[in-house]
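Following: one structure in structure tokens, then a few remarks.
Taken together, the values in this text are just the output of simple stated rules run on the coordinates, not laboratory data. Note that the coordinates shown come from a computational prediction; the quantities given were computed from them, not determined experimentally. When we count neighbours, we look across all protein chains shown, and the Cβ atoms used for this are built from the backbone with ideal geometry, even at glycine.
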Amino acid sequence: MQFQIFEPDIEVNAPTVYAIIDGVGVFTNLSRRYLGQVGIGTVVDKKLVLDMDGWYSQAAWLQAFENIAKQIGDRVLFNIGYSIPRNAEFPAQVTDIDTAIQSIDIAYHCNHRKNGQPLFDAATGVKRDGIGHYGYARVSPTINEIVCVSHNPYPCAFDRGIYLAMARRFQPTARIVHDDAQECRQHGAETCTYRITW
Ligand SMILES: [Zn+2]
């Protein structure tokens, strides 16, 4: 289900919230109103200000994001997702489309925490549960296709944008389709499936 938390006591960091509301762009007033309603950020000179070292309740954030999403529609959600990796820094291990798609789930876990504790341990590479995943599966080593199953509370169109942007960093001709033969979170399912080809 889109916007439904998996577990309580999860928090999201301010740069993640900022990257998404910044992507809303002209809808700044919208972001300010809905984030204000759930107590995220403070308004200074009519602008929403986030403490960039801060962490916010994921449940509150998803409530605001759902309200914003209803106003802006899927096309803008896709564009926001697509814009997020553009400004992100990537670790040195990200060298091709496979490692790029795999890195989404790592970044996702780095940007959330549970009971104040990180969900990703960089020393061991271990991810902790609580927020679901951004999936990665190679169909075959000789076929240029990656299947991504999203099992997380973020919206379908937004995730499609993130996957495509990451794929195109290394394969500029990459395309993505939502596998409509599978279930979709927009219709209450647990997961969405996307197919990236190039
Ligand atoms: Zn979907």
Distance between segment 1-73 and segment 128-193 - C-alpha centres, whole angstrom:
23
Of the options Gly23, Val147, Leu164, report the single residue whose Cα projects farthest towards the positive end of the charge dipole of the chain (beta-carbon charges: Lys, Arg +1; Asp, Glu -1).
Gly23
Max mean-square fluctuation residue, GNM over the chain, Cα-Cα springs under 10 Å, options Val17, Val139, Val76:
Val139
Identify, among Val44, Gly54, Phe78, the residue whose Cα sits farthest towards the positive end of the charge dipole of segment 10-197, taking +1 on the Cβ of Lys and Arg and -1 on the Cβ of Asp and Glu, with the dipole about the Cα centre.
Val44
Testing the spin-label approximation: label points 7 Å from Cα along Cα→Cβ at Gln93 and Asn115. State their distance in nm.
2.5
Calculate for the chain the 222 nm mean residue ellipticity that helices alone would give, adding -39,500 (n - 2.57) per DSSP H run of length 4 or more and normalising by residue count, nearest 500 deg cm²/dmol.
-12500 deg cm²/dmol
Separation in nanometres of the label points that stand 7 Å from Cα toward Cβ, at Arg195 and Thr142
1.9
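List the equivalent ellipsoid semi-axes of segment 84-198 in whole Å, largest first, each obtained as the square root of 5λ for an eigenvalue λ of the Cα gyration tensor.
On the way: eigenvalues 97, 71, 30 Å².
Equivalent-ellipsoid dimensions as semi-axes: 22, 19, 12 Å.
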Under 10 Å, Cα contacts only: if you run a Gaussian network model on the chain, which one of Gly161, Gly73, Gly81 comes out with the highest mean-square fluctuation?
Gly73
Any chance you could run the full-extension gain for His151 through Arg75? It's 0.36 nm times the residue separation minus the Cα-Cα distance, nm to one decimal.
25.3 nm
What do you get for the angle between helix 156-170 and the principal long axis of the chain? Use alpha-carbon atoms, 0 to 90 degrees, nearest ten.
60
Highest GNM mean-square fluctuation among Ala19, Ala100, Ala181, for the chain with Cα springs under 10 Å, belongs to Ala181
Ranked highest first by the average count of other Cβ atoms within 10 Å around their residues, in what order do 1-8, 34-41 fall?
34-41, 1-8
Segment 68-195 - charge dipole about Cα centre, Lys and Arg +1 at Cβ, Asp and Glu -1, debye rounded to 20:
320
Tally Lys/Arg at +1 and Asp/Glu at -1 over every other residue whose Cβ is under 15 Å from the Cβ of Val94; what's the total?
-1
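Treat every Asp and Glu Cβ in segment 4-105 as -1 and every Lys and Arg Cβ as +1, leave all other atoms uncharged, and give the resulting dipole magnitude about the Cα centre to the nearest 20 debye. Write down the numbers at each step before the final one.
Numbers: 7 positive and 13 negative charges, 142 e Å.
For segment 4-105, the charge dipole is close to 680 debye.
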Over the chain, one equal point on each Cα, no solvent: what is log10 I(q)/I(0) by the Debye formula at q = 0.11, 0.16 Å⁻¹?
-0.49, -1.06
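Hey, can you rank 122-128, 143-149 by average C-beta count inside 10 Å, highest first?
Values: 122-128: 10.1, 143-149: 17.0.
Sorting 122-128, 143-149 by mean packing, highest first, produces 143-149, 122-128.
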